[in-house]
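S.K.: First the structure, then my questions, so here it is.
Since every read-out is calculated from the coordinates, none of them should be taken as a lab result. Everything numeric here is computed off the predicted structure, so don't read it as measured data. All Cβ positions, even for glycine, are placed from backbone atoms using ideal geometry, and neighbour counts span all protein chains on display.
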Amino acid sequence: MIRPFEWMLALRYLRARRQEGFISVIAWFSLLGIMLGVATLIIVMSVMNGFREELLSRILGLNGHLTVQAGPEGLADFDPLAEAVRRVDGVTLVTPVIEGQVMATARGVANGALVRGLRAEDLRRRGMLADSLRTGSLDDFAGGDAVIVGSRLAGRMGLMVGDRITLISPKGNVTAFGTVPRMRAYRIVGTFEIGMHEYDSTFVFMPLDAAQTYFRLPGKVSHLEVMIRDPYDIGARRAEIAAATPGAGRVHDWQQTNRSFFNALQVERNVMFLILTLIIVVAAFNIVSSMIMLVKDKTRDIAILRTMGAGRGSVMRVFLIAGASVGIIGTAAGFVLGLVFCLNIETIRQTIQMLTGSDLFSAEIYFLSKLPAKIDPWEVTTVVIMALVLTFLATLYPSWRAARLDPVEALRYE
């Protein structure tokens, strides 16, 4: 049981006085190190979780969870195949899509683009895409010359709704003078902004009929995009979809398509966790050194306490409380600082950008237009518990050394 005088002595030892001011400064630096270590670990893990979550939601929201990919000749009779896939348990949406690479030009500016042809009703069912429409209307997404382009692509070419953009296909028309690239101008009926630079600067959507005409795939599509209820439950669904579409094409899922990318993110996340944990470890070692110096400085006080009847347990608890207080206060401060920073991270980023005049989170490099942060309660709990355990372990040896001090020997050398 901890007695009141043990709390009083422990807190008194931590307060800076002229005699032990240097020791108290070391203890405060240890507290600051633990606070920064815990806050940094929470912030970095939350940002990496948010980064992965945002990328995953955008990739899956636009590309589908599984794909039935046909060969270069295309997939014929795709509506019966799509209906067969819809009957598979867990499937929520099947979209016939034509996809092809083109060169987009307008106002003297050229840019590579990816054309995706799909029906207007399928476009409306894609909640992420329908909700991200910035200008124009999906009601105009019809006819042989209507397209919807990404906002960054439109901005780069200085285009607005009603302007025309020319698409050039590398698969040209064969003439007596050789192969001539196929060109056609389309009217922009809307712009979208997903928030992912790759999509906003390269994607062009057009009606399925127009895409079939442009890419010369009459009555065919490139592939079927399949959405399922649980994107992580793809093993069984992939086998069932393959059985429902025999000979139609190869079935692959989002994990196969983006495996190397998300594996790299996971490896980076684990390495960052280990590196940043060293900050807390170093702060814990500072607690060890400050407590050892405090024990050495308080040798006479310990001897007097022992001669007055204080047991070894009481002496040990005094220094345990002193060291643990540094760890608990530092961890609590780091916890609060980390949460506040994560909850206001985009505001903080914009403020720093405004003050420094530099772009801290370029969309061209990091794919996303905003800095995301997703706080994982289990990760935060793990970080807090780890910091408390490390700081408690750091106080054990100095406290044990103080408790083992012989009062007779201590007073003799004083």
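S.K.: First select every other residue whose beta carbon is under 14 angstrom from the beta carbon of Glu379; then total the charges, Lys and Arg +1, Asp and Glu -1.
M.R.: Counting the neighbours of Glu379, the net charge comes to +1.
S.K.: To the nearest Å, what is the center-to-center distance of region 314-334 and region 223-255, using C-alpha atoms only?
M.R.: So the separation of the two Cα centres works out to 55 Å.
S.K.: Between Trp400 and Phe285, take the C-beta separation as r, use R0 = 22 Å, and let me know the FRET efficiency to the nearest 0.05.
M.R.: The value I calculate is 0.85.
S.K.: Between Gln255 and Glu121, with labels modelled 7 Å along Cα→Cβ, what's the label distance in nm to one decimal, could you check?
M.R.: 3.3
S.K.: Suppose R0 equals 22 Å; then what is the FRET efficiency for Glu268 and Ala243 from their Cβ-Cβ distance, rounded to the nearest 0.05?
M.R.: Working from the Cβ atoms, E equals 0.05.
S.K.: Continuing with the same structure: So the label point goes 7 Å from the Cα of Met183 along Cα→C-beta, right? Which residues of region 80-105 then have their backbone N under 14 Å from it?
M.R.: Flagged as within label range: 103-105.
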